[in-house]
Amino acid sequence: MTDGKIYRASTTAPVNIAVIKYWGKRDPSLNLPTNSSLSVTLSQSDLRTHTTASCSSSFSTDSLLLNGSPQDVSGGRTQACFRELRSLRATLEHQDQSLPKLALLPLKLVSENNFPTAAGLASSAAGFAALVRAISDLYELPANPTELSKIARQGSGSACRSLFGGYVAWEKGTASDGSDSVAYEVAPASHWPSMRALILVVSAAKKGVSSTTGMQTTVKTSTLFPARAADVVPARMREMSYAIEKRDFETFGRITMRDSNSFHATCLDTYPPIFYMNDVSRAAIRAVEAINEAAGKIVAAYTFDAGPNAVIYYLQESHSVVAGRFQEILGGVEGWREDVPATGGEKVD
Ligand code: 2P0
């Protein structure tokens, strides 16, 4: 019996910004991707989702509040996460009859984002990662982050990468049930302590075309897409992993920029075309090119997700030529944040 008692756990999950982009699903219901991807998890002191999960027989139904607004939890993605986590809890309760019976109780999730939602700043990634971690902590599941990544992936593909800190790969996998489509840590944040990211919030508006819809149209219509998925990305995954291992910023930066360009090229090649970057985004690209030209090597690397906001990776030793130059160009423009790669999500007491 749980007698109306409220059980509760809180967690935070950071955003991640891909340097090799996920774009395309081979199975839309399980969120199985057409290519592997690789990201850097950014500092959770800044961009993060904080989620409290609770359950009680006194609640009437499952609910989710995001930044104070009630959200629909009846969608297949949220339901898939709830179902899988409840099933793991039910197994625990079956094995140990002394555990309180939480698996069948209504869940209440309360989430806060401290960054623009759905503006290409990985809000769904941090959101579903925090949701899955918070419920897993509430249920005291022994699952490791790779196991949880399979569940978070069903909420939002990129969420599986936000369960880890540092440099994270999401292996596309080949199994039709998604059992090998998991995220894993390529290197911890501490492996490359001088890595920095500048985030330019060009627009906090919601994006015009959702990632889910956009990528499905790309898979159906882009003639550039098959080569990207089959050849370009697999080669880049290998090269990028090696660049991270060797802390080779020039290779890291070159692949990051080229993969962003390749992703946006397939968006433009989608019919009807999808535009995520705008004039300010293109000005940021030109500024990075000017910085690199002046330095005589790649010291800054831009990348753009499904929105106009820029993320610029650089090393601490290049701070003045990169962040300094952007501050000069942008002067008093608001919306700049400087960030560092982070460790993974953490429990909040
Ligand atoms: C990424 N993006 O790798 C790429 C780059 C956007 C551009 O992952 O449909 O919100 O929920 O699986 O995870 C955005 O896609 O899409 C994304 P769903 P998601 O970060």
(request) Identify, from the list Ala283, Ala295, Ala300, Ala287, the residue that is modelled with pLDDT of 95 or more and surrounded by fewer than 22 Cβ atoms within 10 Å (Cβ to Cβ). (result) Ala295
(request) Name the one entry in Met237, Met195 that is away from the ligand (no atom under 16 Å from the Cβ) and either farther than 15 Å from Thr270 by Cβ or surrounded by fewer than 19 Cβ atoms within 10 Å (Cβ to Cβ) (or both). (result) Met195
(message) Tell me whether segment 277-290 contains one or more residues that are within 20 Å of Ala205 (Cβ to Cβ), outside the structural domain of Thr41 (by TED's automatic domain parsing) and in a loop (DSSP other than H, G, I, E, B).
(response) yes
(request) For segment 198-221, state whether one or more residues are assigned to a loop (DSSP other than H, G, I, E, B), modelled with pLDDT of 95 or more and either hydroxyl-bearing (Ser, Thr, Tyr) or not assigned by TED's automatic domain parsing to the domain that holds Val15 (or both). (result) no
(message) Pairs needed: first member in segment 1-20, crowded, with 24+ Cβ neighbours inside 10 Å; second member anywhere, of a type in the set (Phe, Trp, Tyr) and part of a loop (DSSP other than H, G, I, E, B); C-beta distance under 9 Å; at least 6 residues apart or different chains.
(response) Val15/Phe115; Asn16/Phe164
(request) Go through segment 105-139 and count every residue that is more than 11 Å from the ligand (Cβ to nearest atom) and either outside any loop (DSSP other than H, G, I, E, B) or at pLDDT 95 or above (or both). (result) 19
(request) Please verify whether segment 77-86 includes one or more residues that are surrounded by fewer than 18 Cβ atoms within 10 Å (Cβ to Cβ), part of a loop (DSSP other than H, G, I, E, B) and at pLDDT 95 or above. (result) no
(request) Among the residues of segment 169-185, write down those that are in a strand (DSSP E or B) and touching a Leu at 6+ places or on another chain (Cβ under 7 Å). (result) Ala169, Ala183
(request) Please find, within segment 286-318, the residue that is nearest to Arg258 (Cα to Cα) out of those that are of a type in the set (A, V, I, L, M) and under 22 Å from the mean Cα position of the chain (by Cα). (result) Ala301
(message) If I filter segment 148-158 for residues that are out of contact with any His (no Cβ under 8 Å at 6 or more places or on another chain) and in a loop (DSSP other than H, G, I, E, B), do I get at least one hit?
(response) yes
(message) Please verify whether Gly178 is surrounded by 20 or more Cβ atoms within 10 Å (Cβ to Cβ) and at positive phi, treating the condition exactly as stated.
(response) no
(message) Need pairs with beta-carbon distance below 7 Å; first residue farther than 10 Å from Ile151 by Cα and within segment 74-91, second at pLDDT below 95 and of a type in the set (A, V, I, L, M); sequence gap 6+ or separate chains.
(response) Leu88/Ala143
(request) Considering each of Ser57, Ser39 in turn, give the residue that is surrounded by fewer than 21 Cβ atoms within 10 Å (Cβ to Cβ) and of a type in the set (Gly, Ala, Ser). (result) Ser57
(message) Please count how many residues of segment 1-39 are of a type in the set (A, V, I, L, M, F, W, C) and more than 13 Å from the ligand (Cβ to nearest atom).
(response) 4
(request) Please identify the pairs in which a residue from segment 146-162 that is not assigned by TED's automatic domain parsing to the domain that holds Ala134 has its Cβ atom under 7 Å from the Cβ atom of a residue that is surrounded by fewer than 24 Cβ atoms within 10 Å (Cβ to Cβ) and of a type in the set (S, T, N, Q), counting only partners at least 6 apart or on another chain. (result) none
(request) Look at Asp180 and say whether it is more than 14 Å from the ligand (Cβ to nearest atom), among the charged types (D, E, K, R) and in contact with an Asp or Glu (Cβ under 9 Å, 6 or more places away or on another chain). (result) yes
(request) Taking only segment 197-241 into account, find how many residues are under 17 Å from the mean Cα position of the chain (by Cα), within 23 Å of Val288 (Cβ to Cβ) and charged (D, E, K, R). (result) 1
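The values are calculated or read from the model by the stated rules, or taken from the named source; none is laboratory data. Since we're looking at a predicted model, the values are computed, not measured. Ideal geometry is used to build each Cβ from the backbone, glycine not excepted, and the neighbour counts take in all protein chains shown.
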